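One structure below.
The values are calculated or read from the model by the stated rules, or taken from the named source; none is laboratory data. This structure is a prediction, so every number in the text was calculated from the model and none was measured. All Cβ positions, glycine included, derive from the backbone under ideal geometry; neighbour counts span all protein chains shown.
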Amino acid sequence: MATAKGMSPRQRRKEIDAIASQIVERCVKDGRTVHELVAEFGISETALYRLFNREGIRPNSPHSGGFPRKFSDEVELQIVAAYQDGVSMETLATQYDGWRGSIKNVLTRHGVPLRRRGGVTQPLEDGLEEQLCADWHAGMSQRELAEKYGVHETKVNRVLRRYPAVGTKRKRREWHPHWKGGRRHHLGYVMVLLETDHPFHDTMANDAGYVLEHRLVMAEFLGRPLTPTETVHHIDGDRSNNTLSNLQLRQGKHGTGIVYHCADCGSFNVVAQALGDAPDA
């Protein structure tokens, strides 16, 4: 018995209420799913779910898997062992003719730690990871690799991340049309990209991995990273001229275009000294 199309909401509600007992019986006793009930009675899924909510029943929906069910003690131990071996809840629900909630209840009762969804990662065949990395190194994209080996693109990315020697950006960024060799300009200064294996990377590079070139030049000359209070002055005022002869190490902030030297001898070997330690004039 199907409801007629083109009815008003009130008329459709009356028609559904008239066959509500039949729908509930077909769902509870005969185990019909929502899709089957929609095809049989000609009403929408939304109307069915509203009816089920009013009646306080759980539909046999492919999304819910059906009514919760109980398993024997022997079957429950089999479910626990299979889950601990890496079988997903969805697979177990299909295998034991239940639904995911029933499998989850079994695992919870037995105190089994639950994995997050997607937590099971199937290993690749022996030698496939090395071949995948070799193809990546040869120039194939992650999407092309996923299509070639029949795996998800996320798995390809995870494999490459486990092999930093062949999967790092350092191997591929030179191919990008906008790659400028790891140099950029900011407010007249030159910034350079520090590789993660550089000894000064952790102490001098910013979150993006860049460091001001004049500070790096001075640090490499001194053989140590600069402290936060140390500054580097450009003698000629050109912020892009980062040759060592044009740089001076300072403590604290310094003015633009100002250089300190001894007024008597002209020496640039000028050091800061606390007032209490200054020699008597």
In segment 82-98, which residues are surrounded by fewer than 16 Cβ atoms within 10 Å (Cβ to Cβ) and either hydroxyl-bearing (Ser, Thr, Tyr) or at pLDDT 90 or above (or both)?
Thr91, Thr94
Looking only at segment 81-95, count every residue that is in contact with a Lys or Arg (Cβ under 9 Å, 6 or more places away or on another chain) and in a helix (DSSP H, G or I) and tell me the total.
5
Contact list, first residue from segment 8-21 and touching a residue at least 24 places away in the same chain (Cβ under 8 Å), second anywhere and part of a helix (DSSP H, G or I), beta-carbon distance below 8 Å, six or more apart or interchain, is Arg12/Ala47; Ile16/Ile23; Ile16/Ala47; Ile16/Leu51; Ala20/Leu51; Ala20/Glu55
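For the structure I just gave you, tell me whether Thr108 is at pLDDT 80 or above, loosely packed, with under 12 Cβ neighbours inside 10 Å and of a type outside the set (Lys, Arg). Steps first, answer last, please.
Numbers: at pLDDT 80 or above: yes; loosely packed, with under 12 Cβ neighbours inside 10 Å: yes; of a type outside the set (Lys, Arg): yes.
Yes; evaluated as a whole, the condition is true for this residue.
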I'd like to know if segment 114-136 contains one or more residues that are loosely packed, with under 14 Cβ neighbours inside 10 Å and within 29 Å of Gly31 (Cα to Cα).
yes
Out of everything in segment 185-212 that is under 19 Å from Lys253 (Cβ atoms), surrounded by 13 or more Cβ atoms within 10 Å (Cβ to Cβ) and not hydroxyl-bearing (Ser, Thr, Tyr), what residue ends up being farthest from the chain's Cα centre (by Cα)?
Leu212
The one condition in (1) within 32 Å of the chain's Cα centre (by Cα); (2) modelled with pLDDT under 90 that Glu230 fails to fulfil
(1)
For residues in segment 238-259 being surrounded by 13 or more Cβ atoms within 10 Å (Cβ to Cβ) and not in a strand (DSSP E or B), which is modelled with the lowest pLDDT?
Val259
